[in-house]
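One structure coming up, written as C-alpha cells, with questions to follow.
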Amino acid sequence: MALVAQSATFIHQYISSFLHSKPRKSPEALKLGILSSAQINAAAVIHPAETHPDVILYAIASRDASTAAQAAKQYNITKSYGSYQELLDDPAVDIVYVSTPNGQHYEWTSKALQAGKHVLCEKPFTSNADEAKGLVSLAKEKGLTLEEAFHWQFHPAAHAWRHILESGQHGRILRTKAVMTASPGVPKGDIRWQYDLGGGSAMDMTYALSFTRYALRAQHPKAINSVTARVSSDDPRVDAAMYAYLTFVGPQDTEVHSQIYTDMERQWVVGVVPRFWELPSIEVETERAIIFFYNAMMPHLYHYISVTDKTTGQTRHHKQYNGGPLWGNVMTTGGKGGSSHWSTYRWQLEAFVDAVKGKAPAYWIPGEDSICQMECIDALYQAAGLPYVSSQGNSSNLEICESLLVADNFLKARGPKDLCRADEHAANSIYSWAGDAALPSPVYAQIEEPSDEKNDVILEDQLRSRIALSVLATLSESLPVSKAENAADIVIALASFSSTEDPWTTQEAFTYATTLLNAFASTTATNKESNTTFWSVIEKILKDRIRPLFAKTRNPAITSAGRKNFHPVPLPRFDVGILDPETKPWKIQDIYATTVLSWIIQQYKPTNQTNLETHFPLLVPPILALIDDDTTSIKTKGCTLLRNLLTPIQQTKSPILHRTNLTSVFEDALKPCLLSLPTITPEPDSIDLLKEAYPALLALQKTTYTNTPSPSPQSQSKTQSNKRETYISRLTTTLRENLVPSFHHISSSNTTSLSSDFASFPYPRLSTLLLEQMVSVLGELGIHTTKFLQDIVPILHNTLANPFGPAYPPMLLAAVEVARVVVLNAHPRVWRWRGELLDALCSCWIHVVEEEREIVDRGKRGGENGSEGAVMDRLKKELRGVVYLLKFALQNSIQVDGGKGQLEAKENLDKELRELVDADERLKGLLLEDIDANDGGFFGEA
C-alpha cells in the first residue's frame, strides 16, 4: 500500500538521519535545488542528500515564499525562494530535483535544463511521450544529465531479483502480474485525482508497468489485449483504477502474458479492513518456478524474493539490502557495496551524482527507456478510451497568462478605435480565445483538503481568468459584446463570474464581468431590435450549452417538452448511470453552468412573460437535476434557482405551472430535501438546504394558487374556492408532514403533550429555522391555524419554557413570533389554550429576567454585556406584545360554540393574571403593565 509505505519511508529516513552520522561535505559537493514543497521531498532527496558527502542542501522553492522558508528552516537548507524561476536563476545551483505535480514535470524540467542545471525528475517523467522526447533531446543538446526518478530500480534487491530471473535456472518467463494499490485510498483532495495535473492511477502508480518492463527488459508491448479503466467519480477523464492485459516479448524472444493492475481507491476487505499488506509487488511465472518480489517499490523497508518450485512446491526466500550483482564491487560513498540502511532514494542519488560528476554509475535508466515508459502509458490510455494527457495544453496557465497580458496591453495601448472589417475579424477571434481562457477549470469541482499544490493551481487559474476578463473588457470598448459574432460564448464567460459565492470568482473578476453584462443588458434593452438580440443570445445559451450539459441527467417525471409526464417509465431499481460521472458534466467539468443558469434566471422581469414561457421547458430539466443531486450544496443551489424562477412567474401572472402540470413534479423533488436533518445530515448543511427548500416549496404553492386561471367568468367564484382549498391542503401537508415532525426529530420534545421535563435542543440554529418557516406557513393558513393548535402549542411551550432558552435568544424570538401569529390567526379558539400559552410566556419571562441578572454580574466582573442586554430587552418587549394580543383576543372573543367556556375565560382573565403575579412578583411587568400599541417593537417590527 503506497501511502503506508511512503509514511514508513519518512519515519525510516528520519530515524536513519540520527542513527547514521552525516558525513563532512567535500569541497566539490554539488549544490542541490528542490522545486516544490511536496511531502515526498524529505524521503526522496533531503535525507539522502544529508548522508551524501558530495551533495549540499542549498535551495528550495515554493510558489509561496513562507512555505519555502519554513521548509528551509526545518531541513537546514541554505536558501529559499518564493518562485521556481528564482531558484533556477541562481547560478550556484548545480543540480535540481523536480517534485512538482505530474502535469508540471515537463514545464519545469525543461526550464531547469534551459538554465543549465542537471535534473533528477520525479516519475512519471512527463504527461506523455512527446514531452518525454522533448526533454531527452534538450538534455542531450545541452550536454546535461537528466534522469527519471524510478528509485526502486537502483536498489540492490531489484538487481538481485532480475539476476534470479535471468539465471537460466528456472526456464523461460511465461507470465507476469504486477499490482500497485492504495488502501485506504488516495485522499480525494490529492492532486493525483486532477486531470490537468497529470493525475490518474496509471500515471501515478506507473511502478506496476515499470516492474513488468524491467523484469522483461522490454520496451513496448507486442499487443495490448485489453485495457479497462474505472474512472474517478469526480472526473471521468481520470482513471481511479486500470486493468491491463498485455503481451510482451521476453528476454528469450518468447511471448509473455502480463497483467498490470493499479488502483488509487482499492476496496477494503468486507468494507471495513484496509488492505495494508498489499504493497506494490510483482509475480513472475517461469517454466519451473513462481518468483514473487514483495514490496518491490520500497525494498529498503522490507522485502523478500520468494522462489517456489512448481514441481516440489518448496519455497526459498532471498533478500538483498546492499551489494548484489551491480553494487557488490563498487566503491560507493558508503563503502564497498554501499550501506544496508540506504533507502532506494539514497541508492538513486548515489548513481545520479556519479553520472553528473562524469563517473559511470553502477545502474542507470537511459532517457530512451523513459520515453518508452511514457509511450506505453499513452497506449494504455488510448486503449482504455481515456483522453490524451498533455501538460502543455492543459495546465500551462502561466504561459496563457503571459499571452493574455500581451494582448491586454496591446489593446489598451491601441485604445477604443473604429475597426475595419479585417480588424473586426481579429477582434472576434480574440473574443473567442479570451472567452475560453476566462472559463474556470474543473479544479474547483473537487472537495479536498487545502495543499500548497492545490492552492498554486487555484491561484494560477484565478489569475488566468482575471486577465482574460480584462481582455474582454478592453476589447468591448472597440467592439461591444452585443455586436460580436460569438456573443453567446462571451456572455457565458462573463456570467460564469456573476456570483461572488463561487470559489473561482475574485472581486476583480466579478467587477469586470458584471460591468460588461450590465452594459450588454442595458444596450440591448434600449430598442426592440437589440432586445430581440438579447433574448436570442439567452435562448442560444440555453439550447446549445445548458441543455446538452444536463441532457444525460434523466428525469422520467417530465417530457422532452418540459411538461409533466403522466405515464413515466420508472428508472431501473438500480440505475448504473447514476454512478457514471459523465452524466453530470455540469458538476465535474463545466462547473460554471449553474452560475450561468442563475444569471439567466435573474434576467426575467415582469415585462418578459413571453420570453419566460418560451424558455421554461429549457429551464425546468436543469433545475430538477440540481434539486435531485446527491450533494447537499448542489441541492441547495437547485432550490435557490427554483425560488428565483418562481418570482418572475408570479410577477407576470403566468399560468405556465398550470399549463405544464409541473407543480406536483417540483413538489416531489423538493419534499425529499426537507428530510435532510441531523444526524445523517450535518446541521450546517441541513440549515443551508432547508432555508432554501422551504421558501421554494411555499413560493411554488402560492404561485400555483395565485396564477391558476379560472375556466370561465361564470365559474370564477367556485374555481377560486377550489383553488383556495387546494392551497390550504398543500400548506397543511407541509406543516403536519414536514415542519412539525422535523422539529420534534431534532429535539427531545414530546410530540403530543406538554411534558413536565423540559425539552432539549441540540441543534438550536436548525430549530430556529423551522420555527421561522412555521411563521410563514401559519401566516398563509390564516384562520385555518385553529386546526393545528394541538400541534403548535406543545412546540411553543417546550421551546419558551426551556430554562436554557436564553443561551440562544434567536430561537426564543422565533418561538415568540410563532406565538404572535397563533394568537392573531386562531383568536376564536385561543381561549382553550390560554393556560399553556401563559405558562410558556411566563416561564420564558422569568428565565430572561434571571439571564439579565447574570449578564449584569458578568459585566461587573469585567465582561462585555451591551449586546446581550439589548437582546434580552427585545425579547421581553416582544413577550409583552404577545401577552397584550392574547389579553385582547380573550377580552374581545367571538362566541362561536355556545360561548360558556369562552365567557368564563373572558370574565376570569384579570383574576388569573393577578394570581400569577401574586405567585411571582417578577411577572408584573409581563402581565399587568400597559404597552404602547402603536410601538411596533412590541410586535416584532424593527
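The values are calculated or read from the model by the stated rules, or taken from the named source; none is laboratory data. Computed from a predicted structure; not experimentally measured. Positions of Cβ are generated from backbone atoms using ideal geometry, with glycine treated the same way; all protein chains shown enter the neighbour counts. Note: areas computed on protein heavy atoms with side chains; ligands, DNA, RNA excluded. Shrake-Rupley method; radii C 1.70, N 1.55, O 1.52, S 1.80 Å.
Looking only at region 713-765, which residues are touching a His at 6+ places or on another chain (Cβ under 6 Å) and either modelled with pLDDT of 95 or more or not assigned by the TED database to the domain that holds V818 (or both)?
Correct list: I728 only.
In region 46-59, which residues are open to solvent by less than 10 Å² (accessible area, probe 1.4 Å) and more than 25 Å from M297 (Cβ to Cβ)?
The one that is open to solvent by less than 10 Å² (accessible area, probe 1.4 Å) and more than 25 Å from M297 (Cβ to Cβ): A59.
For region 183-293, which strands (runs of 3 or more DSSP E) that fit wholly inside it have 1 or more residues that are modelled with pLDDT of 90 or more, open to solvent by less than 10 Å² (accessible area, probe 1.4 Å) and not hydroxyl-bearing (S, T, Y)?
239-249, 255-263, 281-286
Still on this structure, please answer the following. Between residues in region 33-45 that are open to solvent by less than 10 Å² (accessible area, probe 1.4 Å) and residues that are assigned to a loop (DSSP other than H, G, I, E, B) and of a type in the set (A, V, I, L, M), which pairs lie under 8 Å by C-beta distance while being six or more apart or on different chains?
Between residues of region 33-45 that are open to solvent by less than 10 Å² (accessible area, probe 1.4 Å) and residues that are assigned to a loop (DSSP other than H, G, I, E, B) and of a type in the set (A, V, I, L, M), the close pairs are G33/V93; I34/I77.
Moving on to the next point. Of (1) over 29 Å from Q790 (Cα atoms); (2) open to solvent by 10 Å² or more (accessible area, probe 1.4 Å), K723 satisfies all except one. Which?
(1)
Moving on. Hey, does region 144-153 have a residue that's more than 36 Å from the chain's Cα centre (by Cα) and farther than 25 Å from A44 by Cα?
no
I would also like to ask the following. For region 1-35, how many residues meet the condition of being touching a strand residue (DSSP E or B) at 6+ places or on another chain (Cβ under 7 Å) and modelled with pLDDT of 90 or more?
Of the residues in that region, 8 qualify.
Quick check on my filter: what residues within region 338-354 are within 21 Å of I365 (Cβ to Cβ) and part of a loop (DSSP other than H, G, I, E, B)?
Across region 338-354, the qualifying residues are G338, W342, S343.
To keep it simple, each residue is scored yes or no on (1) polar (S, T, N, Q); (2) surrounded by fewer than 17 Cβ atoms within 10 Å (Cβ to Cβ).
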{"position": "A296", "(1), (2)": "no, no"}
{"position": "Y302", "(1), (2)": "no, yes"}
{"position": "S306", "(1), (2)": "yes, yes"}
{"position": "G313", "(1), (2)": "no, yes"}
{"position": "Y321", "(1), (2)": "no, no"}
{"position": "W327", "(1), (2)": "no, no"}
{"position": "V330", "(1), (2)": "no, no"}
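Follow-up. Of C372, C376, C420, which residue is surrounded by fewer than 18 Cβ atoms within 10 Å (Cβ to Cβ), modelled with pLDDT of 90 or more and not basic (K, R)?
Going through C372, C376, C420 in turn, the sole match is C372.
Go through A44, A68, A38 for me and flag whichever is at pLDDT 60 or above, part of a helix (DSSP H, G or I) and either in contact with an Asp or Glu (Cβ under 8 Å, 6 or more places away or on another chain) or not assigned by the TED database to the domain that holds A92 (or both).
After applying the criteria, what remains is A44.
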